[in-house]
1. Using a 1.4 Å probe and ignoring any ligands, DNA or RNA, find the accessible area of residue 13 and quote it in Å² to the nearest 10.
2. How large is ³J(HN,Hα), in whole Hz, for each residue of the range 116-130 in order, when computed from phi with the Karplus curve 6.51 cos²θ - 1.76 cosθ + 1.60 and θ = phi - 60°, using x for Gly and Pro?
3. I'd like the accessible area for residue 187, computed on protein heavy atoms only with a 1.4 Å probe and all protein chains in place. Round to 10 Å², please.
4. Please state the charge dipole magnitude for the chain, taken about the Cα centre, from unit charges on C-beta atoms (+1 on K and R, -1 on D and E), reported in debye and rounded to the nearest 20.
5. Show that you can apply the helix-only estimate: for the chain, add -39,500 (n - 2.57) for every DSSP H stretch of four or more residues, divide by all residues, and state [θ] at 222 nm to the nearest 500.
6. Please list 86, 208 from largest to smallest accessible area, probe radius 1.4 Å, with all protein chains kept in place.
7. Carbon and sulfur: what percent of the range 136-194's accessible surface (1.4 Å probe)?
8. Kindly provide the chymotrypsin sites (Phe, Trp or Tyr not before Pro) of the range 41-93 that DSSP labels as loop, not H, G, I, E or B, and whose Cβ sees at most 14 other Cβ atoms within 10 Å.
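The values are calculated or read from the model by the stated rules, or taken from the named source; none is laboratory data. Since this is a predicted model, take the numbers as computed values, not measurements. Cβ sites come from the backbone with ideal geometry, for glycine too, and all protein chains shown count toward neighbours. Only protein heavy atoms, including side chains, enter the accessible area calculation; ligands, DNA and RNA are left aside. Shrake-Rupley method; radii C 1.70, N 1.55, O 1.52, S 1.80 Å.
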Amino acid sequence: MSPPRLAVLDASHNERDTKRNFRRELDAELVEFDVTSGELPDTFEFDGAVVTGSRSSVYWDEPWIEPLKEWVAEAIDRGLPFFGVCYGHQLLADVLGGTVEGMGSYEIGYNEIRRTGESRLLDGLDDRFLAFTTHSDAVTALPPGAESIAENDYSNHGFRKDRVFGVQFHPEYDMETAETLTQRKPLSEERRRRVLDGITEENYAAACESKRVFENFIDYVNSVRPVSMAAESESAIAD
């Protein structure tokens, strides 16, 4: 089977680290769209879609956000599998009827996440696992019919509804990304130093367990993607 073809809806405002990280982690044919500049697919002919993180909030009045939500809503209605990370997690929850709100606090650094439900997205992850987190918004009410699959003391960190999956944590981050982001966040110098001190080879190695979600999503996409006519013909000949 050929690699799946995924639409990557890049909401990062053209961040170099975001492109590099998702290209490294997704074993698929990626078609990238800079959605913050108004770029959206003109077709739904993909095997799945991914929505990245962003420095924006889903409830902000920015001109690119509503068209993105409209495209995502139609793609979901058409049965396209989706995976959202951080902002993408929140956007998918919003589109499906959930609630996203400011937390009044900031979660940042390597933090423990707890599994709260069974989901193939988290196959291979321990009941408690480490991941890098950075967010001040959270999904405070899940979409109707959605199941929580992960959380910590700050917020929901994962949900699933039908073919849609979202995670609040950042499985794609490497140490360089974590350090760069921490340096530019509006933190007290004491807290910034604590977070930077926690960005260690040991913590990064432990957090790499969370990268399994990418492999699991690709496996899920492959399990539900239609068999092409060519593949069916080859199978018939083989039989």
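1. 50 Å²
2. Karplus values, whole Hz, x for Gly and Pro: 10, x, 7, 7, 5, 4, 9, 4, x, 8, 5, 4, 10, 9, 9.
3. 20 Å²
4. So the dipole magnitude of the chain works out to roughly 440 debye.
5. Numbers: 8 runs with 81 residues, N = 239.
Rounded to the nearest 500, it is -10000 deg cm²/dmol.
6. Numbers: 86 10, 208 45 Å².
So the residues, ranked largest to smallest area, are 208, 86.
7. Numbers: 1150 of 2700 Å².
In the range 136-194, the share of accessible area belonging to carbon and sulfur is 43 percent.
8. Values: sites: 44, 46, 59, 60, 64, 71, 82, 83, 87; in loops: 44, 46, 59, 60, 64.
Sites meeting the loop and neighbour criteria: 44, 59, 60.
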